[in-house]
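One structure is given below, encoded as structure tokens.
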Amino acid sequence: MAMTTEFALTAPSRAEIDALRGPAVIEFGTSWCGYCRAAQQLIAEAFEDHASVRHLKIEDGSGRPLGRSFRVKLWPTLIFLDNGIELARVVRPKSTSEIRDAFALIDHPVSP
């Protein structure tokens, strides 16, 4: 599974997110947000080592229920989930290592 590059205009419900199995990252933001555009290279670099992690890139804004349910206030906000449970979040990342540290909490190698 590769990193998603476009923001989805429709979002899954919170119940669908809570029911996700395995590691996932939800990225909230917009295509016109300068902070979001500036963070894309950092996010892409961090995803290089975590290609198996599901990436949901959701356009956020006023009145969008999924972002409000996660109390998103600034963009981009990355929510790191394992089995639908938030284990970490990174708001307006400033470094790839900040994102990789959050990945370490959700993306565990599978035991043989």
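A short reminder: the numbers here are calculations on the coordinates, not readings from a lab. Model, not experiment: these values are computed from the prediction. So basically every Cβ, Gly included, is an ideal-geometry build from the backbone, and we count neighbours across all protein chains shown.
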Problem set entry | Magnitude of the charge dipole, the chain, Cβ model with Lys/Arg +1 and Asp/Glu -1, debye to 20 | 420
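Would you kindly calculate the mean projected area, averaged across all directions, of the convex hull enclosing the Cα atoms of the range 14-91, in square nanometres?
4.9
Using Cα pairs under 8 angstrom and six or more residues apart, how large is the relative contact order of the chain, in percent? Working shown, then result.
Numbers: 192 pairs, mean separation 39.7, N = 112.
Relative contact order of the chain: 35 percent.
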For this session: Would you mind checking the range 1-36 for residues with the amide N under 14 Å from a putative spin-label position 7 Å along Cα→C-beta of residue 64?
Result: 5-14, 26-36
